[in-house]
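Undergrad: One structure, as structure tokens, below. Some questions next.
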Amino acid sequence: MKGTVLIVGATSGIGRALAVRLAASGAGLVLAGRNTDELERTASDCRLRFGVPVAIQAFEARNFAQHGHFYESCERAAPEGLDGVILCIGYLGPTDEGPFDDGEAARTLDVNFVGCVSVLERAARAMAARRHGFLCVVSSVAGDRIRRGRFLYGVAKAALNRFAEAQRAALAGTGVRVLLVKPGPVDTRMTYGLPGMALMASPEQVAGDIHRALRAGETIVYTPWFWRWIMALIKMVPEPIFRRLRL
Amino acid sequence: MAATARVLAEGGQGSYLARGLGRAYGDAALNEGAGVVSFELLDRLLEFDPADGSLLCEGGTSLSRILEVFVPRGWFLPVTPGTQHVTVAGAVASDVHGKNHHRDGSFSAFVTGLELLTGTGELLDCSRTKAPEAFWATVGGMGLTGFIRSVRLRLRPIESAWMRVDVRRARDLDATLEALEAADRSATYSVAWIDGTAAGPSLGRSIVTYGEHALADQLPPRLRHQPLAAPARRARTVPHSFPGWLLNRASVGLFNRAYWSRHPERDGQIVDYPSFFYPLDVLHAWHRLYGRRGFVQYQAVFPPLAVREGVTALLETSRDAGRTAYLGVLKHFGPAGEGLLSFPLEGATLALDFPHRGRDFAAFARRLDEIVARHGGRVYLAKDAFLSAATFAAMYPGADRFRQVRQGLDPQGLFSSSLGRRLGLVESP
């Protein structure tokens with residue numbers, strides 16, 4: 001891969017696996033996240049192993065006021081502007097029992113949806129002006145049909161999916177592509193130790209699928225591939241039955 | 001690391017042990033009934049200085065990763081064990097050795113510093129000059145002094161990814177020992193592959209190989225334009241269901257004999273570095289060749305004057321007990337290092353592979369331990385599964401000092417392992 005790619009959420013399992021994967025293919029990187037010490041370690045590793053330039057930027061999903069400044073800094077860190085932006089940020093809170101926690105609700109919606117919109121809108125404009133680039137949004141199968149238990153997460157992902165679809169339409173003809181990624185459960189910090197996780201993928205597998213889909217110019221990718229068919233089936237289940245299935 | 005220190009302090013699991021790639025043969029990387037922390041994500045390269053080959057990397061970095069990145073750039077590990085699938089922290093914690101100990105010492109000889117997360121939550125920088133006590137307790141310390149977060153080591157420059165190998169046949173143990181002694185003066189790497197099935201006058205018969213890193217102009221013309229490119233080797237895997245009964249004394253004996261008589265003496269053969277240093281890595285899960293019951297590796301070192309008698313005693317005792325070792329590997333060691341629990345002593349080390357057959361292997365292992373102890377030698381902890389606390393204490397005079405230093409680094413006993421408890425290095429809860 002040529003050029004420079006920004007990975008937002010680069011300390012996440014998927015983000016880190018993507019950094020290694022893209023650096024191995026020759027891309028320069030800008031890594032963004034909250035823990036700049038962690039980011040610097042991954043950056044050093046990529047520079048030493050693959051000889052590509054890697055810059056880091058502090059990023060806080062909920063600090064909306066800083067997003068404009070953040071994005072400009074990322075663009076400046078790339079010698080010829082950014083060729084792509086990949087969003088790997090997310091927040092999976094506790095399950096839905098107990099009284100309504102508006103802090104948790106706000107956090108879930110902000111990190112999984114609103115913060116992403118903020119970054120992606122800025123990136124879309126910058127890239128459309130250059131008539132070149134890609135946006136990649138890491139969503140989840142949870143947005144395809146929303147389960148009980150942590151349903152605001154599913155709702156935020158569903159909103160993110162619609163947003164990606166809308167952006168793709170808005171960017172038609174500008175030379176900017178949008179890839180929406182829907183992983184099933186992935187073995188990372190977010191899911192570590194949680195009960196009931198089946199068919200887990202490794203972050204490396206997911207990063208591989210994303211890289212392939214980017215190169216092939218795809219628009220939606222489920223990773224691993226079989227989730228496309230599992231969700232297709234689940235989406236077909238009529239509402240009264242789905243409610244009773246306690247999925 | 002801050003998060004890790006919190007987990008340690010909250011002590012939900014009683015005690016913790018860092019685990020790298022889990023290649024220790026016994027219980028060194030196990031902490032039964034308590035917590036284990038995997039270092040698989042702490043595997044990043046942090047700094048490299050091409051002026052002197054100095055590399056800083058996280059503890060979970062594998063030796064294979066280092067070779068993959070740096071051999072093409074003209075650097076090698078100055079000391080490497082027989083597998084590249086171990087972490088640098090594990091290599092320090094076992095103070096591993098290679099085929100060049102007589103010349104270069106053990107792994108720690110090239111470690112210039114490490115960062116240790118101690119039981120008090122402190123991240124301690126140690127080296128020969130900074131906190132040397134903690135350094136020499138951690139070198140060979142089997143992970144019991146804390147978590148090794150990063151290691152600084154010096155790589156050695158090479159001109160090619162190839163080795164120049166000389167091969168000699170030795171008809172018996174005396175010839176083997178002479179051949180190794182000759183190598184001390186003239187070869188960087190030397191090792192004797194002993195036919196464990198040979199008996200009587202042929203006891204200790206071996207193939208002795210000597211190796212040097214090939215210089216660029218020693219390579220055949222077809223390799224000279226890319227001297228640092230090692231050939232891709234396709235690793236094969238032994239299936240889970242491999243019938244272990246295929247490997248028995250008769251079949252192995254036949255194979256060894258045929259191998260020994262067919263193996264010509266040769267000079268100057270050019271061999272790729274993985275074949276020279278990691279012959280067993282070619283066969284993934286090679287231990288499955290031994291079938292479901294598996295195998296046991298036994299490795300000990302004897303001081304110079306006891307080598308002949310000690311090696312003979314081990315081989316003959318095994319044979320008499322009906323437990324012939326299929327393969328033995330003999331190497332010369334130079335002077336001991338300063339690690340309090342470091343294995344190498346000046347003399348020679350013998351590693352034996354036994355199929356895990358019959359009842360009560362432990363009793364057999366203890367007989368071997370007695371032989372080793374009687375001859376003033378000791379057993380390698382990275383391979384041990386049977387040593388008793390008393391025998392261990394007799395073999396490792398540094399153990400008392402180690403316990404003292406450890407007490408200072410980990411007053412609450414947050415770090416422990418099954419091996420540590422078995423050998424009395426840490427208290428049992």
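The values are calculated or read from the model by the stated rules, or taken from the named source; none is laboratory data. Not measured: the values here are computed from a predicted model. As a convention, Cβ positions derive from the backbone with ideal geometry for all residues, glycine included, and neighbour counts pool all protein chains shown.
Undergrad: Quick one: would you say B:Ser342 is at pLDDT 90 or above, in contact with a Gly (Cβ under 6 Å, 6 or more places away or on another chain) and polar (S, T, N, Q)?
TA: In short, yes.
Undergrad: Give me the residue from region A:28-69 that is part of a helix (DSSP H, G or I) and within 17 Å of the chain's Cα centre (by Cα) and, out of that set, nearest to the other protein chains (Cβ to nearest Cβ).
TA: The extreme case among them is A:Leu39.
Undergrad: Are there helices (runs of 4 or more DSSP H) fully within region B:181-281 with at least 2 residues that are in contact with a helix residue (DSSP H, G or I) (Cβ under 8 Å, 6 or more places away or on another chain) and either modelled with pLDDT of 90 or more or surrounded by 12 or more Cβ atoms within 10 Å (Cβ to Cβ) (or both)? List them.
TA: Hits in region B:181-281: B:273-277.
Undergrad: Only one of B:Phe402, B:Phe343 is surrounded by 21 or more Cβ atoms within 10 Å (Cβ to Cβ), in contact with a helix residue (DSSP H, G or I) (Cβ under 8 Å, 6 or more places away or on another chain) and aromatic (Phe, Trp, Tyr). Can you tell me which?
TA: Only one candidate qualifies: B:Phe402.
Undergrad: I'd like the full set of residues that are part of a loop (DSSP other than H, G, I, E, B) and either without any contact (Cβ under 8 Å) to a residue 60 or more places away in the chain or within 11 Å of B:Glu32 (Cβ to Cβ) (or both), limited to region B:412-428.
TA: Passing the criteria: B:Ser416, B:Ser417, B:Leu423, B:Gly424, B:Glu427, B:Ser428.
Undergrad: Output the residues belonging to region B:135-150 that are crowded, with 23+ Cβ neighbours inside 10 Å and not in a loop (DSSP other than H, G, I, E, B).
TA: B:Phe135, B:Trp136, B:Ala137, B:Thr138, B:Phe147, B:Ile148, B:Ser150
Undergrad: Anything in region B:38-52 that is within 13 Å of chain A (Cβ to nearest Cβ) and either within 19 Å of B:Arg149 (Cβ to Cβ) or surrounded by 17 or more Cβ atoms within 10 Å (Cβ to Cβ) (or both)? List them, or say none.
TA: Across region B:38-52, the qualifying residues are B:Ser38, B:Glu40, B:Leu41, B:Leu42, B:Asp43, B:Arg44, B:Leu45, B:Leu46, B:Glu47, B:Phe48.
Undergrad: Same structure again: Within the group B:Arg6, B:Arg65, B:Arg19, which residue is away from chain A (no Cβ under 13 Å), surrounded by 14 or more Cβ atoms within 10 Å (Cβ to Cβ) and among the basic types (Lys, Arg)?
TA: B:Arg19
Undergrad: Does region A:173-184 contain any residue that is of a type in the set (Ser, Thr, Tyr), at pLDDT 95 or above and surrounded by fewer than 18 Cβ atoms within 10 Å (Cβ to Cβ)?
TA: yes
Undergrad: Only one of A:Ala10, A:Ala17 is out of contact with any Leu (no Cβ under 8 Å at 6 or more places or on another chain) and of a type in the set (A, V, I, L, M, F, W, C); which?
TA: Only one candidate passes the filter, namely A:Ala17.
Undergrad: Quick check, is A:Ala232 assigned to a loop (DSSP other than H, G, I, E, B), surrounded by fewer than 15 Cβ atoms within 10 Å (Cβ to Cβ) and out of contact with any Ser or Thr (no Cβ under 7 Å at 6 or more places or on another chain)?
TA: no
Undergrad: Just a yes or no: is a residue in region B:91-106 of a type in the set (Val, Ile, Thr), in a helix (DSSP H, G or I) and over 12 Å from the mean Cα position of the chain (by Cα)?
TA: no
Undergrad: To continue, here is another question. Any residue in region B:349-375 that is among the aromatic types (Phe, Trp, Tyr) sitting within a Cβ distance under 9 Å of a residue that is in a helix (DSSP H, G or I)? List the pairs, counting only those 6 or more apart or interchain.
TA: Every condition considered, the pairs that remain are B:Phe354/B:Ser318; B:Phe354/B:Phe361; B:Phe354/B:Phe364; B:Phe354/B:Ala365; B:Phe364/B:Thr317; B:Phe364/B:Ser318.
Undergrad: What about B:Leu56, is it of a type in the set (A, V, I, L, M), within 25 Å of the chain's Cα centre (by Cα) and within 13 Å of chain A (Cβ to nearest Cβ)?
TA: It is true that B:Leu56 is of a type in the set (A, V, I, L, M), within 25 Å of the chain's Cα centre (by Cα) and within 13 Å of chain A (Cβ to nearest Cβ).
Undergrad: Report yes if some residue within region B:71-87 is among the hydrophobic types (A, V, I, L, M, F, W, C), surrounded by 21 or more Cβ atoms within 10 Å (Cβ to Cβ) and within 14 Å of another protein chain (Cβ to nearest Cβ); otherwise report no.
TA: Yes, there is a match, as at least one residue in region B:71-87 is among the hydrophobic types (A, V, I, L, M, F, W, C), surrounded by 21 or more Cβ atoms within 10 Å (Cβ to Cβ) and within 14 Å of another protein chain (Cβ to nearest Cβ).
Undergrad: Yes or no: B:Thr176 part of a loop (DSSP other than H, G, I, E, B) and over 19 Å from B:Leu67 (Cβ atoms)?
TA: When the stated conditions are applied, B:Thr176 does not pass them.
Undergrad: Further question: Report, by residue number, each residue of region A:169-219 that is assigned to a helix (DSSP H, G or I) and over 18 Å from A:Leu82 (Cβ atoms).
TA: Residues satisfying the conditions are A:Ala169, A:Ala170, A:Pro203, A:Glu204, A:Gln205, A:Val206, A:Ala207, A:Gly208, A:Asp209, A:Arg212, A:Ala213, A:Ala216.
Undergrad: Next up: Considering only region B:17-68, give the strands (runs of 3 or more DSSP E) lying wholly within it that have at least 2 residues that are among the hydrophobic types (A, V, I, L, M, F, W, C) and closer than 20 Å to B:Cys126 by Cβ.
TA: B:54-58
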